[in-house]
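Peer 1: Below: one structure in structure tokens.
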Amino acid sequence: MEALFVESACSSVLLPGIRKGTVRLYFPRMSPKRTEPFYELYRNLPGADQSLALLFQKLDQSPENPRLLFELGEAAHQAGVLQLSVECYSKVTVLVPHVEAGFFNLGNAFFDLRQFNDARQAYERAFKLNPDCGTLNNLGNSFAAMEDWEKAIQTFDRALSLADCSPMQKRTALSNRGKVLVAVEDWDGAIENYRQAIQWFPDDIEFLALKAKCHGRKFEFGKGVECLVEALVASPNNPELLCQIADLNFGRGRTLESLLCMNNAFTILPPPAALRSRRLQMLTYCVPATPDRILSEATGWANSQIHDDWFFTAEPTISASERNIGPPSDQALRVGILCSALPSRGLSDWLPACLSQCAPARLQWFIYCDQSVPIETKNALVRAGCRLEETSSLSDKALASQIKAHQLAVLIDMIGHGHSSRLQVAARKPAQVQVTWCAFPMTSGLTQMDFIWSDPVSIPEESEKFFSEKVIRFSVSSFCFQPSCSIDLRIEINASDSRFCCGFLGEPEQISEPFVQTLRLLFKSIPGLELVFTGQAYRDPAFQSEIRERIEEQPMAISRIRFECFESAELELNSYQQFDVTLDPFLVSSPQRSFESLWMGVPVVTLLDERLSGRGTASILDSLNRKAWIANNQNDYVHAVKQLAECRSERRSQRAELRSELLTSPMCNIALIAKNIQRAIDETIRQTNFATKTR
């Protein structure tokens with residue numbers, strides 16, 4: 001969850017790291033008594049602030065003076081000596097229990113110490129003494145920090161209902177309530193919250209941008225763009241807003257518009273490397289982007305890294321003399337994997353079992369994951385002997401330092417370019433040799449990325465020139481699959497059924513203009529064809545109409561295009577059984593979805609593009625010896641689908657055979673995949689050592 005706003009005695013500031021303003025309070029003087037021992041532990045701290053020392057001297061003369069104790073608590077908080085701050089404010093609340101500020105600041109100190117229940121109690125005492133909106137804001141944040149979401153929202157509602165709630169305090173309450181609603185994924189509630197906020201603060205671009213993000217999470221791309229365009233009126237040529245518009249347009253398949261927005265943003269302000277990486281990902285979905293251009297722009301992105309600030313503060317890279325890889329005979333080789341997520345569908349289905357069989361005596365695995373890992377996957381990785389590091393809070397520089405401290409021989413990046421990219425970690429060269437595999441299908445452009453693992457179909461020899469990495473190939477497809485759940489196949493055969501149902505399982509950004517042209521040809525060529533778009537991204541009725549308008553050259557009386565969204569992966573997978581064929585998109589294919597379709601016994605038709613991004617499904621089908629389903633151009637694609645339409649009844653009766661064929665293939669053989677990974681590591685080390693010796 002994002003950081004919450006916390007009110008100090010004087011201002012509203014963003015956590016972590018509360019900056020406290022100077023607070024002038026007047027307390028009754030107390031008679032001098034003997035010095036209390038509670039602050040003796042802190043007065044001689046190494047490097048203690050001079051202001052603390054002066055306050056200690058004053059307290060020696062008047063140890064129970066609440067004003068001095070308050071000032072010491074404030075100075076200790078600013079110096080980061082939080083426990084001393086708590087002790088001081090606690091003493092103030094005992095000496096002058098009728099003064100609200102002591103409890104309020106005690107709550108702030110407890111909050112920074114992450115003692116949230118103690119903070120809650122202090123804020124509640126402060127509110128009884130002075131029913132203030134700022135105190136309620138902080139009390140709500142305490143409930144949120146304890147993940148008591150219902151009480152947090154109720155408390156922010158109370159703050160907004162107070163008659164004397166100032167505009168700044170009202171803005172803070174709306175912002176915090178919105179963050180809680182986002183944390184519990186109540187997108188409708190969050191949108192309504194930000195709608196109210198915009199009514200009160202119509203020119204606040206932050207609220208407009210946050211509302212746009214919530215619309216994006218509901219896949220209401222058009223409404224999100226409308227919010228951001230409204231924000232641009234208030235803040236013209238704002239590069240951050242332009243990039244958010246680009247993201248939403250990309251989410252609804254408007255790739256060229258996305259790139260134009262990105263380009264405009266980049267002319268206004270030099271973009272961070274992460275945004276340039278995101279633009280490279282978008283470029284791969286763009287028709288005019290040839291492999292040469294993708295390589296050129298990726299290489300340009302990589303070369304530009306030397307002008308970024310991090311380059312001059314990066315950790316020293318591994319020298320050539322240190323690159324002779326291979327541990328002593330009594331030690332395991334350390335191999336790391338960088339991934340953005342391990343969801344319950346896809347990578348997590350096969351990776352733990354595979355690593356557990358991958359030469360456990362010779363290899364020690366480190367997994368660096370940027371999202372929280374489901375407990376089942378976490379346990380499976382632990383059983384496989386992997387060390388799991390959840391790294392979402394680490395910057396690229398911090399993560400690179402951590403990897404370097406682990407002394408990895410090989411680091412495998414499984415992210416590539418995009419909004420989740422960690423290529424700036426690889427650019428710092430924290431491991432002796434670095435590999436990309438199962439990442440976003442394009443070259444990294446980095447000279448620091450030594451190898452790419454692939455296969456003969458994904459990267460044929462003539463395509464090696466489009467990669468900055470050296471290519472190491474598996475003897476079979478480099479893609480792997482294990483089903484995430486158990487679903488029985490329903491074999492329904494009706495010879496009189498003329499319906500022919502095609503499923504599209506890709507994301508909207510994969511609906512390229514050449515693919516749309518092919519869909520139009522299919523509708524003309526196959527009577528009774530129905531097209532079903534499956535996935536959460538197609539929820540919005542306005543977006544559904546937009547897709548229909550793109551595909552249907554003439555409006556049909558009864559549309560042959562349907563959209564289906566499912567609340568669970570199992571329900572979605574079960575829906576595949578209605579399809580006679582799955583249409584793999586191009587220019588960027590969907591290997592994981594193609595695996596799932598084949599597992600459900602449904603044939604897949606794909607187009608073999610010249611780019612790696614369009615060859616993943618072809619690699620899978622080639623390994624299954626289903627070359628008839630691999631097209632070389634759009635006409636071949638239509639022809640392959642028509643052939644399947646003509647034998648639809650036969651194909652439906654063979655679904656169990658197709659599932660069996662997939663599950664007995666090398667791509668589903670965990671032991672064989674483990675051996676292939678081991679061979680790839682061995683070949684990576686062999687080539688690296690050979691290159692070092694021949695220098």
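Peer 1: Being closer than 22 Å to T284 by Cα and of a type in the set (K, R) narrows it down to one of R560, R550, R520, so name that one. Before you say what the answer is, go through the steps one by one.
Peer 2: On the way: R560 fails: closer than 22 Å to T284 by Cα; R520 fails: closer than 22 Å to T284 by Cα.
Every option except R550 fails the conditions.
Peer 1: If I filter the range 60-105 down to residues being of a type in the set (V, I, T) and part of a helix (DSSP H, G or I), which single residue comes out as nearest to F116 (Cα to Cα)?
Peer 2: V86
Peer 1: Output the residues belonging to the range 182-197 that are of a type in the set (A, V, I, L, M), out of contact with any Lys or Arg (no Cβ under 7 Å at 6 or more places or on another chain) and closer than 11 Å to R217 by Cβ. Outline the logic, then answer.
Peer 2: Of all residues in the range 182-197, those of a type in the set (A, V, I, L, M) come to 182-184, 190-191, 197.
Still in the running and out of contact with any Lys or Arg (no Cβ under 7 Å at 6 or more places or on another chain): 182-184, 190, 197.
V182, A190, listed by residue number.
Peer 1: Continuing with this model, one more query. Pick out, from the range 515-606, the helices (runs of 4 or more DSSP H) lying fully within it that include 1 or more residues that are surrounded by fewer than 16 Cβ atoms within 10 Å (Cβ to Cβ) and in contact with a Cys (Cβ under 9 Å, 6 or more places away or on another chain). Before you say what the answer is, go through the steps one by one.
Peer 2: Details: elements: 541-551, 569-575, 591-599.
Those helices (runs of 4 or more DSSP H) span 569-575.
Per-residue answers, yes or no, for (1) touching a Leu at 6+ places or on another chain (Cβ under 9 Å); (2) farther than 26 Å from A145 by Cα; (3) open to solvent by 10 Å² or more (accessible area, probe 1.4 Å):
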| site | (1), (2), (3) |
| --- | --- |
| F56 | yes, yes, no |
| D60 | no, yes, yes |
| E74 | no, no, yes |
| C88 | yes, no, no |
| P97 | yes, yes, yes |
| G102 | yes, no, no |
| Q115 | no, no, yes |
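Peer 1: Would you point out the residue of the range 505-546, among those that are of a type in the set (S, T, Y) and farther than 17 Å from S575 by Cβ, that is nearest to the chain's Cα centre (by Cα)?
Peer 2: S512
Peer 1: Let me ask something else. Give the residues of the range 454-473 that are in a loop (DSSP other than H, G, I, E, B), under 15 Å from A618 (Cα atoms) and open to solvent by less than 40 Å² (accessible area, probe 1.4 Å), sorted by residue number.
Peer 2: Here is the first cut: in the range 454-473, the residues in a loop (DSSP other than H, G, I, E, B) are 455-460, 467-469.
Next, only the ones that are under 15 Å from A618 (Cα atoms) stay: 455-460.
Answer for the range 454-473, where residues must be in a loop (DSSP other than H, G, I, E, B), under 15 Å from A618 (Cα atoms) and open to solvent by less than 40 Å² (accessible area, probe 1.4 Å): D455, V457, S458, I459, P460.
Peer 1: Being open to solvent by 60 Å² or more (accessible area, probe 1.4 Å) and modelled with pLDDT under 90 is the filter here; which residues of the range 657-695 pass it?
Peer 2: Hits for the range 657-695 are F690, K693, T694, R695.
Peer 1: From the residues in the range 110-130 that are of a type outside the set (F, W, Y) and more than 16 Å from S90 (Cβ to Cβ), which one is nearest to the chain's Cα centre (by Cα)? Spell out how you get there, then give the answer.
Peer 2: Going residue by residue through the range 110-130, those that are of a type outside the set (F, W, Y) are 112-115, 117-122, 124-126, 128-130.
Narrowing further to those that are more than 16 Å from S90 (Cβ to Cβ): 114, 128, 130.
Values: R114: 26, K128: 42, N130: 42 Å.
Residue satisfying both the conditions and the ranking: R114.
Peer 1: Please name all residue pairs, on different chains or six or more residues apart, with Cβ atoms under 6 Å, provided the first residue is in the range 97-111 and is under 16 Å from A79 (Cα atoms) and the second residue is among the aliphatic types (A, V, I, L, M) and open to solvent by 20 Å² or more (accessible area, probe 1.4 Å).
Peer 2: Going by the 6 Å Cβ cut-off, the qualifying pairs are A109/L82.
Peer 1: Additional query: Could you tell me whether the range 619-629 includes any residue that is touching an Asp or Glu at 6+ places or on another chain (Cβ under 9 Å), in a strand (DSSP E or B) and buried (at least 21 other Cβ atoms within 10 Å of the Cβ)?
Peer 2: Checking the range 619-629: not a single residue is touching an Asp or Glu at 6+ places or on another chain (Cβ under 9 Å), in a strand (DSSP E or B) and buried (at least 21 other Cβ atoms within 10 Å of the Cβ).
Peer 1: Could we say that S444 is closer than 20 Å to Q687 by Cβ, assigned to a loop (DSSP other than H, G, I, E, B) and not aliphatic (A, V, I, L, M) here? Can you show your working first?
Peer 2: Numbers: closer than 20 Å to Q687 by Cβ: yes; assigned to a loop (DSSP other than H, G, I, E, B): yes; not aliphatic (A, V, I, L, M): yes.
Yes; evaluated as a whole, the condition is true for this residue.
Peer 1: Can I ask one more? What number of residues in the range 187-216 are within 19 Å of the chain's Cα centre (by Cα) and open to solvent by 60 Å² or more (accessible area, probe 1.4 Å)?
Peer 2: The qualifying residues number 1.
Peer 1: Tell me, yes or no, whether the range 484-505 has at least one residue that is without any contact (Cβ under 8 Å) to a residue 60 or more places away in the chain, over 30 Å from V532 (Cα atoms) and outside any strand (DSSP E or B).
Peer 2: No; the residues of the range 484-505 include none that is without any contact (Cβ under 8 Å) to a residue 60 or more places away in the chain, over 30 Å from V532 (Cα atoms) and outside any strand (DSSP E or B).
Peer 1: For the range 225-249: of the residues being among the β-branched types (V, I, T) and either more than 16 Å from N263 (Cβ to Cβ) or touching a residue at least 24 places away in the same chain (Cβ under 8 Å) (or both), which is least open to solvent (accessible area, probe 1.4 Å)? Let's see the steps before the verdict.
Peer 2: Going through the range 225-249, the residues among the β-branched types (V, I, T) turn out to be 225, 229, 233, 245.
Subsequent filtering for residues that are either more than 16 Å from N263 (Cβ to Cβ) or touching a residue at least 24 places away in the same chain (Cβ under 8 Å) (or both) retains 225, 229, 233.
Values: V225: 18, V229: 75, V233: 118 Å².
Filtering the range 225-249 for residues that are among the β-branched types (V, I, T) and either more than 16 Å from N263 (Cβ to Cβ) or touching a residue at least 24 places away in the same chain (Cβ under 8 Å) (or both), the one least open to solvent (accessible area, probe 1.4 Å) comes out as V225.
Peer 1: Within the range 669-685, can one find any residue that is within 23 Å of W599 (Cα to Cα), touching a residue at least 12 places away in the same chain (Cβ under 8 Å) and not in a helix (DSSP H, G or I)?
Peer 2: no
Peer 1: Follow-up. Take the range 257-281 and flag every residue that is in a loop (DSSP other than H, G, I, E, B) and over 24 Å from L210 (Cβ atoms). Explain how you work it out, then say what you get.
Peer 2: At the first step, the residues of the range 257-281 found to be in a loop (DSSP other than H, G, I, E, B) are 269-272.
Residue satisfying the conditions is P270 alone.
Peer 1: Ok, one more. Going through the range 167-181 one residue at a time, which ones are more than 18 Å from R195 (Cβ to Cβ) and open to solvent by 40 Å² or more (accessible area, probe 1.4 Å)? Don't jump to the end; show me each part of the working.
Peer 2: Within the range 167-181, the subset more than 18 Å from R195 (Cβ to Cβ) is 168-169.
Passing the criteria: only M168.
Peer 1: Do we find that R254 is open to solvent by 10 Å² or more (accessible area, probe 1.4 Å), of a type outside the set (A, V, I, L, M, F, W, C) and under 18 Å from A209 (Cβ atoms) in this structure? Before the answer, list the steps.
Peer 2: Numbers: open to solvent by 10 Å² or more (accessible area, probe 1.4 Å): yes; of a type outside the set (A, V, I, L, M, F, W, C): yes; under 18 Å from A209 (Cβ atoms): no.
Spelling it out, it is not the case that R254 is open to solvent by 10 Å² or more (accessible area, probe 1.4 Å), of a type outside the set (A, V, I, L, M, F, W, C) and under 18 Å from A209 (Cβ atoms).
The values are calculated or read from the model by the stated rules, or taken from the named source; none is laboratory data. If you're wondering where the values come from, they're calculated on a predicted model, not measured in any experiment. Because the Cβ atoms are built from the backbone with ideal geometry, glycine has one as well, and the counts that use them run over all protein chains shown. Heads up: the accessible areas ignore ligands, DNA and RNA and are worked out on the full protein's heavy atoms, side chains in. Shrake-Rupley method; radii C 1.70, N 1.55, O 1.52, S 1.80 Å.
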